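Below is one structure, written out as structure tokens, with a few remarks after it.
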Amino acid sequence: MEPDAQLVELCLQGDGTAWEQLVKRHTRRVYGLCYRFTGRPSDAEDLSQEVFLRLYRTLGSYRSVQGAFATWLTRVTRNLLVDHYRRTRRDRLTDSIEDSLPYVEAKPSGGRLPDRQAEANELSVQVQRGLMNLSPDLREAVVLRDLQGLEYSEIQKIMDVPEGTVKSRINRGRIELARLLGEMGVRP
Amino acid sequence: MANTMWTCTQVEARLSDYLEHSLAGDEARQLEAHAEGCAQCGPLVMQVRGMLTRMQALEEVPAPPYLAERIVEATLGPRKPKPGWRTMFGWMRPLLRPQFALGVAAAAFSLAMVAQFAMPVRWKKAAYNPAQVVFGANRQVHLVYSRGVKYVNDLRVVYEIQSRLRPEAPPEGTPQPPVEEPRSSSPHSLGTQQKSEQGGAPGHSANPARYCLATEFVPVLWR
């Protein structure tokens, strides 16, 4: 049994420490997905919390035989993001530009030179800008594949669409994103 | 378009397969052949390839450090601290701050000083005897009364000295009466008086009677 599945078992037995470990292990992944999808740190924080609240309530429905816990968690996250997107569609039309400015990763990661770190931060911001201009279907496909590094089969489970659709969305999303980045002046 | 075998649409549709090396060998060659001669597809292939390489090298966006704690608290509620010596003596942590220690030291010093002056006599068992208490209270009352009387008398003397030393201001416009010279038979004393009038302090030299008054009343003040 994978470690996550063991933790889930312990959580279901009422072990608070196991739940805490589970949260700490997956907060970054969930937050990253939420941030890449919404483009706003505050929304990403709230949505991450909402994801784990939902997870806490539905933890009993997880079956390890159906797949990895991380895939299941990503699916829960994705469904919540889709709900959030539909719910806030009207709000987004009236949002100011400042509100949707991408978040710059302030904390440099260890081992990287400052120049490289600044370059990576800039690219991260540009990628985020480009992603926000993609349609939600293409955006989530590209994020799951190229930023979260998931396999096609996992993405298929998460998005609940045929594999051909997944591949098509990823391909179209990449091409559109590359064109957008080219327009922003990002050289290959 | 240089290559007639593959169109731009085909290249775009299979681009991800090509970049992920899942195209068959001849398909990959056809795509490359088209991209080499196409002004649109060539740069596009390069752009997407470069973008993927750089995106995959991007680190995942770090979550705020407090987020996991916030989530745990939102789901499990506020957590109790783990038992241990740190939690047992955790309440003492604010007391170990230097500001608090300095405050305590200052307060202790002040209390010691107050105790020194307020309670110079140590209480003994005999002090609780009612007769002793009454006697002590009576004594204290008399002491306070006599000190008050002495204080009032001293004040009276001081005011008298001040009123005598202060020259009376004549009313404005009236001529100043000539200062009466003290009569002395001794030329020596006259010379001293003149000298003091010339070079001494003005307050002390005007009237020798003031010397007498001052010397008379100083012991009264010191009593």
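Structural remarks
- If you plug the beta carbon distance of B:L111 and A:N133 into 1/(1 + (r/R0)^6) with R0 = 56 Å, you get a FRET efficiency near 0.20.
- The calculated FRET efficiency for A:V161 paired with A:D115, based on their beta-carbon distance and R0 = 56 Å, is about 0.85.
- Descending semi-axes in Å of segment B:1-67, equivalent ellipsoid built from Cα gyration tensor: 33, 12, 8
- With the simple model of a label 7 Å out from the Cα in the direction of the Cβ, B:A28 to A:T17 spans 5.1 nm.
- Chain A: most fluctuating residue of A:R169, A:R87, A:R54 per GNM, C-alpha cutoff 10 Å: A:R87
- Relative contact order %, chain A, counting alpha carbon pairs below 8 Å whose residues are six or more apart: 21 percent
- Length added when fully stretched, B:H21-B:V104, from 0.36 nm per residue minus Cα-Cα: 22.4 nm
- A simple spin-label model places pseudo-atoms 7 Å from Cα toward Cβ; at B:Y66 and A:R54 they are separated by 2.5 nm.
- More than 29 angstrom apart: percent of Cα pairs within chain A: 27 percent
- Computed Kirkwood radius, in angstrom, where 1/r is averaged over Cα pairs of segment A:112-188: 13.1 Å
- Förster radius 35 Å - calculated FRET efficiency between B:Q56 and B:W91, Cβ distance, rounded to 0.05: 0.10
- Inter-label distance, nm, simple model (7 Å from Cα along the C-beta direction), B:A118/B:Q140: 1.3 nm
Read-outs throughout are calculated quantities, based only on the coordinates presented, and are distinct from any laboratory measurement. Since this is a predicted model, take the numbers as computed values, not measurements. A quick note on method: Cβ atoms are made from the backbone with ideal geometry, for glycine too, and the neighbour counts reach across all protein chains shown.
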